[in-house]
Amino acid sequence: MNEVINTMSMQIPAKSENESFARAVVAAFCVGLNPTIDEISDIKTAISEAVTNCVVHAYQKRQSNDDMITIECQLYADKLEVKISDHGVGIPDIPQAMEPFYTTEPDNERSGMGFTVMQSFMDTISVNNQVGGGTVVTMQKVFTKENKQVSGE
């Protein structure tokens with residue numbers, strides 16, 4: 001079944017203090033499908049990484065109220081699709097950026113594991129990008145069927 005059963009979108013300033021809000025909102029949005037604790041944890045972790053990438057890299061830590069992150073969610077009967085987009089500097093080399101341990105800030109505390117973490121916690125991830133025009137990260141999480149209630153119980 002590929003019918004969208006609910007949608008949500010929001011914009012938040014690209015500030016590090018909004019990362020926890022974003023992860024909580026997306027997790028709460030999909031609760032109606034009765035995901036497992038592990039599935040919720042996976043989603044929250046991936047959202048944290050994607051939002052942090054926008055704050056740190058897209059807007060290069062400017063932390064301005066003018067620099068926005070857009071989060072769009074579509075809920076299906078069996079999965080969540082999340083698009084996290086920015087209008088920042090873009091990614092010059094997506095395959096390189098997705099390599100484990102690659103970082104543009106080797107002298108700072110960055111591990112270069114953002115995309116690797118997103119890939120390991122979500123079922124699919126794609127990155128669309130325009131250098132100088134922003135990035136869209138699209139992730140999907142498929143929910144297990146074992147945690148769904150059967151009607152008539």
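Go through the range 135-143 residue by residue and turn each phi into a ³J(HN,Hα) via Karplus (6.51, -1.76, 1.60, θ = phi - 60°); whole Hz please, and just put x for glycine and proline.
Values per residue, Gly and Pro as x: 9, 10, 9, 10, 10, 10, 10, 8, 8 Hz.
Please compute the modelled spin-label separation between LYS145 and ASN2, points set 7 Å along Cα→Cβ, answer in nm with one decimal.
Going by the 7 Å Cα→Cβ label model, 1.9 nm.
What number, in percent, do you get for the relative contact order of the range 4-142 if the mean sequence gap of Cα pairs under 8 Å and at least 6 apart is divided by its residue count?
Relative CO of the range 4-142 lands at 27 percent.
Report ³J(HN,Hα) in whole Hz for each residue of the range 20-29, in order, from the Karplus equation J = 6.51 cos²θ - 1.76 cosθ + 1.60 where θ = phi - 60°; Gly and Pro get x.
Result, ordered by residue: 5, 5, 4, 5, 5, 5, 5, 4, 5, 4 Hz.
What does the charge dipole of the range 4-142 about its Cα centre add up to, to the nearest 20 debye, if the Cβ of each Lys and Arg holds +1 and the Cβ of each Asp and Glu holds -1?
Dipole of the range 4-142, to the nearest 20 debye: 220 debye.
What shape does the range 4-142 take by its C-alpha gyration tensor, where a ≥ b ≥ c are the square roots of the eigenvalues and a/c under 1.5 counts as rounded, a/b above b/c as prolate, and the rest as oblate?
Taking the square roots of the gyration eigenvalues as a ≥ b ≥ c, the range 4-142 is prolate.
Pick out, from MET8, LEU75, LEU33, the residue whose Cα sits farthest towards the positive end of the charge dipole of the range 1-78, with +1 on the Cβ of Lys and Arg and -1 on the Cβ of Asp and Glu.
Checking the options against the dipole of the range 1-78, the answer is MET8.
Which shape class, rounded, prolate or oblate, goes with the range 5-52 when its Cα gyration tensor gives a ≥ b ≥ c as root eigenvalues, a/c under 1.5 marks rounded, and past that a/b bigger than b/c marks prolate?
It comes out oblate by the Cα gyration axes.
Decide, for the range 28-68, between rounded, prolate and oblate: order the square roots of the alpha carbon gyration tensor eigenvalues as a ≥ b ≥ c, take rounded if a/c falls under 1.5, and otherwise choose prolate if a/b is larger than b/c, else oblate.
Judged from the Cα gyration tensor, the range 28-68 comes out prolate (a/c at least 1.5, a/b above b/c).
From the backbone phi of the range 36-47, what are the Karplus-calculated ³J(HN,Hα) couplings (6.51 cos²θ - 1.76 cosθ + 1.60, θ = phi - 60°) in whole Hz, Gly and Pro given as x?
For the range 36-47, the Karplus curve yields 6, 4, 5, 5, 4, 4, 4, 4, 4, 5, 5, 4 Hz.
Taken together, the values in this text are just the output of simple stated rules run on the coordinates, not laboratory data. Please read these numbers as outputs of a predicted model, since none were measured by experiment. For neighbour counting, all protein chains shown are included, and Cβ atoms are generated from backbone atoms with ideal geometry for every residue, glycine included.
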